[in-house]
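Below is the structure I would like to discuss, written out as structure tokens.
The values are calculated or read from the model by the stated rules, or taken from the named source; none is laboratory data. From a predicted model like this one, the values you see are computed outputs, not experimental measurements. Ideal geometry is used to build each Cβ from the backbone, glycine not excepted, and the neighbour counts take in all protein chains shown.
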């Protein structure tokens with residue numbers, strides 16, 4: 001096997017991993033702060049993908065420009081979902097929250113899929129722009145433009161999220177609530193509002209990931225669970241509490257998948273993530289970058 | 001009256017944690033709250049701060065009914081508290097712990113630089129100024145207690161509830177804490193202090209309230225309370241009465 005093939009595969013792994021990382025950011029944020037596992041996260045990614053697709057298909061809005069519609073739209077969807085469903089769960093204790101959120105998430109997944117088939121049809125769709133097949137070449141390696149955009153957007157997003165969480169008024173409230181909602185509450189933080197903003201933000205991040213999926217891959221009504229699973233593997237790999245860690249874990253998963261495809265053949269590619277999932281849970285339950293309670 | 005607790009009860013299933021507890025707290029006073037473990041002291045703090053709802057009864061603060069208010073609203077009205085088991089935000093810096101309470105505790109509209117200046121002033125007050133930048137998780141138990149105090153003070157409380165702040169401290173540290181509680185009174189903060197160390201309660205309280213099995217069994221001046229046969233029987237024990 002030539003060095004060129006190995007280098008090209010690793011590069012592909014980094015690029016696909018960047019998308020995994022972005023897809024997991026919202027799930028990690030919601031899980032970390034609300035202690036709620038939103039299995040329907042993938043459906044939000046699907047919805048974001050379709051929103052971009054229809055904006056492109058019907059109004060010829062560039063998918064990257066469509067983010068100005070998609071992100072607020074998914075923020076709104078997240079707000080409604082939280083108000084209608086998840087706000088009731090967060091009043092329960094932590095264990096009950098996870099159990100109930102899993103059930104609600106599965107329900108939402110089924111509803112989301114059914115509605116998507118009904119209104120968007122079951123066909124696979126993707127956004128094919130004029131630049132979809134463009135690629136940069138350097139030192140013999142091919143860097144597809146739309147895939148590279150995922151890496152750039154991911155890095156910028158993580159920096160912005162870090163600044164938001166550490167420098168802003170709401171970010172500090174989110175961090176405090178994630179650590180101890182009772183102490184946060186007694187410090188004057190409106191925990192319910194913080195939960196709402198966090199859930200809506202997580203949904204908005206899923207919307208952004210959805211746009212990238214529709215540009216880089218394809219979307220269909222049944223992609224939700226696949227992306228939830230990818231995001232969940234990344235969250236377990238990374239652990240909670242670190243946005244850069246989550247993104248980096250996504251990249252690691254991408255690299256692991258492409259490396260295994262190189263070594264053992266592409267039929268084992270999907271299995272690698274699940275094997276990593278089990279190994280990390282067994283030997284380091286707080287994940288690679290997760291924070292252990294002091 | 002700053003605080004009026006009127007016939008407050010709280011039950012958890014079949015357990016009556018508080019039973020018709022009534023008392024008032026005058027502004028500027030330090031009140032000692034004592035009683036055996038499980039007598040309802042922390043539950044009383046929890047219902048006053050809005051952490052858990054009352055089963056019945058009324059709580060008024062500055063003449064306004066706060067019984068149904070949520071914890072953040074109670075905090076913004078001016079009631080702060082520390083926990084028996086200290087609970088700082090471990091992954092935040094010492095400064096950020098206090099800054100968060102400065103930002104949200106009293107007024108929700110403050111500029112970050114003002115909050116930071118105020119947080120530094122409070123850290124100086126509790127001698128944690130030099131540790132401002134380190135994570136709270138790196139502090140020792142004593143410093144974590146002072147950070148807890150700083151966080152509570154950052155909410156600009158008119159009434160501060162101290163839940164066994166002096167537990168686990170050595171005699172010198174207890175003395176230091178008692179002096180600090182006295183200073184709080186001097187700067188106009190009304191304090192209710194839950195404590196098992198009777199010397200500390202005696203030296204800093206204007207009045208003492210005694211709870212037993214969720215009921216108020218006595219209230220009065222510290223010197224009278226330690227001679228009260230009901231209190232001796234329920235809590236202090238005959239050994240204390242003889243000393």
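Among the residues in region B:127-138, are any free of Cβ contacts under 8 Å to residues at least 60 places away in the same chain and over 28 Å from residue A:185 (Cβ atoms)?
Scanning region B:127-138 turns up at least one residue that is free of Cβ contacts under 8 Å to residues at least 60 places away in the same chain and over 28 Å from residue A:185 (Cβ atoms).
Oh, and also: Output the residues belonging to region A:253-294 that are buried (at least 16 other Cβ atoms within 10 Å of the Cβ) and within 14 Å of chain B (Cβ to nearest Cβ).
Passing the criteria: A:289, A:290, A:291.
If I ask for residues that are crowded, with 18+ Cβ neighbours inside 10 Å and either at pLDDT 95 or above or part of a loop (DSSP other than H, G, I, E, B) (or both), which ones from region B:58-78 would you list?
Within region B:58-78, B:59, B:61, B:66, B:67, B:69, B:78 meet the criteria.
Within region A:175-202, which residues are in contact (Cβ under 8 Å) with a residue 12 or more places away in the chain, surrounded by 24 or more Cβ atoms within 10 Å (Cβ to Cβ) and within 11 Å of chain B (Cβ to nearest Cβ)?
Matches in region A:175-202: A:176, A:177, A:189, A:194.
Another question about this same structure. Checking the structure you have, find out if any residue of region B:141-163 is over 26 Å from residue B:3 (Cα atoms) and facing chain A (nearest Cβ under 9 Å).
No - not one qualifying residue is present in region B:141-163.
Out of (1) in contact with a helix residue (DSSP H, G or I) (Cβ under 7 Å, 6 or more places away or on another chain); (2) under 24 Å from residue B:147 (Cα atoms); (3) not in a loop (DSSP other than H, G, I, E, B), the odd one out for residue B:87 is which?
Single failed check for residue B:87: (3).
Let me ask you something else. Sort through B:22, B:11 and tell me the only one that's touching a residue at least 24 places away in the same chain (Cβ under 8 Å), within 28 Å of residue B:200 (Cβ to Cβ) and either assigned to a strand (DSSP E or B) or within 14 Å of chain A (Cβ to nearest Cβ) (or both).
Criteria check complete, one pass: B:22.
Another one. Somewhere in region A:51-65, is a residue outside any loop (DSSP other than H, G, I, E, B) and under 30 Å from residue A:33 (Cα atoms)?
yes
Filter region A:9-47 down to residues that are in contact with a strand residue (DSSP E or B) (Cβ under 9 Å, 6 or more places away or on another chain) and buried (at least 24 other Cβ atoms within 10 Å of the Cβ), then give me how many there are.
Within region A:9-47, residues that are in contact with a strand residue (DSSP E or B) (Cβ under 9 Å, 6 or more places away or on another chain) and buried (at least 24 other Cβ atoms within 10 Å of the Cβ) number 2.
Further, regarding this structure: For region B:53-105, enumerate the residues that are within 11 Å of chain A (Cβ to nearest Cβ) and within 17 Å of residue B:192 (Cβ to Cβ).
Matches in region B:53-105: B:71, B:74, B:75, B:77, B:78, B:79, B:80, B:81, B:82, B:83.
On to the next question. Which pairs have Cβ atoms under 6 Å, sit 6 or more apart or on different chains, and link a residue in region A:274-286 that is under 17 Å from residue A:242 (Cβ atoms) to one that is outside any helix (DSSP H, G or I) and modelled with pLDDT of 80 or more?
A:286/A:239
Residues in region B:38-50: is at least one surrounded by 15 or more Cβ atoms within 10 Å (Cβ to Cβ), within 14 Å of another protein chain (Cβ to nearest Cβ) and on the phi > 0 side of the Ramachandran plot?
Scanning region B:38-50, I find at least one residue that is surrounded by 15 or more Cβ atoms within 10 Å (Cβ to Cβ), within 14 Å of another protein chain (Cβ to nearest Cβ) and on the phi > 0 side of the Ramachandran plot, so the answer is yes.
Check off (1) under 17 Å from the mean Cα position of the chain (by Cα); (2) touching a residue at least 40 places away in the same chain (Cβ under 8 Å); (3) surrounded by fewer than 18 Cβ atoms within 10 Å (Cβ to Cβ) for residue A:83 and give me the number that stays unchecked.
If we test residue A:83 against (1) under 17 Å from the mean Cα position of the chain (by Cα); (2) touching a residue at least 40 places away in the same chain (Cβ under 8 Å); (3) surrounded by fewer than 18 Cβ atoms within 10 Å (Cβ to Cβ), just (1) comes out false.
A further question follows. In region A:88-97, what count of residues is obtained for those that are crowded, with 17+ Cβ neighbours inside 10 Å and part of a helix (DSSP H, G or I)?
2
Next question. Kindly indicate whether any position in region A:164-172 is within 17 Å of residue A:33 (Cβ to Cβ), within 14 Å of another protein chain (Cβ to nearest Cβ), under 24 Å from the mean Cα position of the chain (by Cα) and surrounded by 19 or more Cβ atoms within 10 Å (Cβ to Cβ).
Yes, because at least one residue in region A:164-172 is within 17 Å of residue A:33 (Cβ to Cβ), within 14 Å of another protein chain (Cβ to nearest Cβ), under 24 Å from the mean Cα position of the chain (by Cα) and surrounded by 19 or more Cβ atoms within 10 Å (Cβ to Cβ).
Among the helices (runs of 4 or more DSSP H) confined wholly to region A:190-294, which include 2 or more residues that are at pLDDT 90 or above?
Numbers: elements: A:191-216, A:224-238, A:243-264, A:269-283.
Because the criterion is at least 2 residues that are at pLDDT 90 or above, the helices (runs of 4 or more DSSP H) in region A:190-294 that meet it are A:191-216, A:224-238, A:243-264.
For a quick check of your reading of the model, give me the residue pairs whose first member lies in region B:75-87 and is within 17 Å of residue A:181 (Cβ to Cβ), whose second is surrounded by fewer than 19 Cβ atoms within 10 Å (Cβ to Cβ), with beta-carbon atoms closer than 6 Å and at least 6 apart or on different chains.
Between residues of region B:75-87 that are within 17 Å of residue A:181 (Cβ to Cβ) and residues that are surrounded by fewer than 19 Cβ atoms within 10 Å (Cβ to Cβ), the close pairs are B:87/A:180.
Tell me whether region A:215-233 contains one or more residues that are more than 30 Å from residue A:56 (Cα to Cα) and touching a residue at least 40 places away in the same chain (Cβ under 8 Å). Don't jump to the end; show me each part of the working.
Within region A:215-233, the first condition is being more than 30 Å from residue A:56 (Cα to Cα), and the residues that meet it are A:233.
When the remaining residues are screened for being touching a residue at least 40 places away in the same chain (Cβ under 8 Å), the result is A:233.
Yes, that holds for at least one residue.
Evaluate region A:203-218: report whether one residue or more is within 14 Å of another protein chain (Cβ to nearest Cβ) and surrounded by fewer than 24 Cβ atoms within 10 Å (Cβ to Cβ). Give the derivation first.
Step one: filter region A:203-218 for residues within 14 Å of another protein chain (Cβ to nearest Cβ), giving none.
No; the residues of region A:203-218 include none that is within 14 Å of another protein chain (Cβ to nearest Cβ) and surrounded by fewer than 24 Cβ atoms within 10 Å (Cβ to Cβ).
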